[in-house]
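Shown next, in structure tokens, is the structure this report addresses.
The values are calculated or read from the model by the stated rules, or taken from the named source; none is laboratory data. It should be emphasised that the depicted structure is a prediction, and the values quoted were computed from it without experimental measurement. Note that each Cβ is placed from the backbone with ideal geometry, even for glycine, and that neighbours are counted across all protein chains shown. Accessible surface areas use protein heavy atoms only, side chains included; no ligands, DNA or RNA. Shrake-Rupley method; radii C 1.70, N 1.55, O 1.52, S 1.80 Å.
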Amino acid sequence: MQEKNRIVVKVGTSTLTHENGNSKLRAYEDLAFVLSDIQNNGNEVILVSSGAIAVGSQKLHLAEKPKELRMKQAAAAVGQCENMFLYDKFFGYYNKTVAQILLNADDIVDEEKKENLANTFGALLEQGIIPVVNENDSVSYKEIESEEKLFGDNDMLSAVVAVLCRADKLVILSDIDGFYDKDPRLYKNAELIRRIERIDESTYALAGGAGSRRGTGGMRTKLQAADLATAQGIDVVITNGKNPRILYDVAAGNPVGTLFVGRKARY
Ligand code: ADP
């Protein structure tokens with residue numbers, strides 16, 4: 001058996017939905033299969049999943065993603081339910097139990113709440129349960145409305161969860177193979193960077209603005225997330241979510257996508 005790892009995997013809206021906004025069932029199914037198998041191999045797994053607003057908008061038969069805050073929050077409430085239904089069902093095939101954790105920024109700032117949350121994660125993982133985490137969009141308006149997008153479609157949230165749970169690895173699954181020297185959607189000659197030891201202003205300069213139409217974070221929020229997690233010694237991998245089996249390689253420590261190397265001895 002390979003070395004035991006505590007792995008946080010973040011999956012974005014662009015991985016979980018088709019171009020037309022419908023749920024991509026294969027993505028849910030593949031993720032459930034691979035994460036269950038990685039857990040069977042002795043690893044601990046936490047999933048940070050976006051997609052609630054997009055999935056909810058479909059379920060509500062809205063012609064497009066809602067712009068008004070109250071409708072966004074309503075769509076999030078409907079979509080979160082659907083998301084958990086899909087995870088419960090697909091993970092259930094592999095005899096796994098999932099648990100829903102919804103978070104707001106303040107839950108992590110307040111020390112007492114933070115400790116409670118860490119204890120909850122600990123208890124769930126101890127029981128072999130796979131926590132599925134999302135921002136509590138129906139309560140918090142800061143994330144879905146703010147220009148800065150504090151958690152950037154959950155990129156930052158996944159880093160905060162990785163630090164809170166003292167994870168060994170954070171994997172950010174995106175719609176792109178990793179971090180390039182320029183935005184590959186704009187420049188055909190962009191090259192994938194395999195390994196980054198230090199994130200500084202020159203690294204941020206390589207990231208364009210917000211990303212795909214369905215995703216919202218873009219590379220900038222992924223870099224911020226990688227910055228936060230690597231500062232606590234956590235290795236961060238950004239790779240493509242279109243084939244979740246790539247997670248086998250990540251768990252085994254094989255090079256895939258872009259590795260941001262944890263900067264200090266962990267904890
Ligand atoms: P997700 O929904 O998977 O989180 P996003 O759409 O938010 O994905 O972010 C990924 C996008 O960031 C890519 O599709 C790409 O267009 C854009 N991007 C900007 N700069 C870079 C870069 N240097 N390397 C890779 N992708 C970049």
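Below are the figures for this structure:
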{"item": "Residue that is least open to solvent (accessible area, probe 1.4 Å), among those in the range 67-78 that are closer than 17 Å to residue 23 by Cα and free of Cβ contacts under 8 Å to residues at least 40 places away in the same chain", "result": "75"}
{"item": "Cross-chain or 6+ apart pairs with Cβ under 9 Å, the range 181-201 first and away from the ligand (no atom under 13 Å from the Cβ) and assigned to a loop (DSSP other than H, G, I, E, B), then open to solvent by less than 50 Å² (accessible area, probe 1.4 Å) and among the aliphatic types (A, V, I, L, M)", "result": "197/261; 198/261"}
{"item": "Answer from 223, 228, 247 - the residue that is closer than 26 Å to residue 118 by Cβ, in a helix (DSSP H, G or I), more than 8 Å from the ligand (Cβ to nearest atom) and open to solvent by 40 Å² or more (accessible area, probe 1.4 Å)", "result": "228"}
{"item": "Residue check, residue 259 touching a residue at least 24 places away in the same chain (Cβ under 8 Å) and part of a strand (DSSP E or B)", "result": "yes"}
{"item": "Which listed residue, of 108, 38, is at pLDDT below 95 and part of a helix (DSSP H, G or I)", "result": "108"}
{"item": "Qualifying residue in the range 190-199 (condition: of a type in the set (Val, Ile, Thr), within 26 Å of residue 19 (Cα to Cα) and at pLDDT 95 or above)", "result": "no"}
{"item": "Evaluation of residue 216 against (1) among the β-branched types (Val, Ile, Thr); (2) away from the ligand (no atom under 13 Å from the Cβ); (3) modelled with pLDDT under 95 (one fails), failing number", "result": "(2)"}
{"item": "Identity of the residue in the range 88-130, within 16 Å of residue 43 (Cβ to Cβ) and of a type in the set (Phe, Trp, Tyr), that ends up most open to solvent (accessible area, probe 1.4 Å)", "result": "94"}
{"item": "Residue 101 in contact with a Lys or Arg (Cβ under 6 Å, 6 or more places away or on another chain) and under 21 Å from residue 166 (Cβ atoms)", "result": "no"}
{"item": "Matching entry among 83, 20 (being without any contact (Cβ under 8 Å) to a residue 12 or more places away in the chain, within 16 Å of the ligand (Cβ to nearest atom) and either over 20 Å from residue 127 (Cβ atoms) or part of a loop (DSSP other than H, G, I, E, B) (or both))", "result": "20"}
{"item": "In the range 156-180, the residues that are near the ligand (Cβ under 8 Å from one of its atoms) and among the polar types (S, T, N, Q)", "result": "174"}
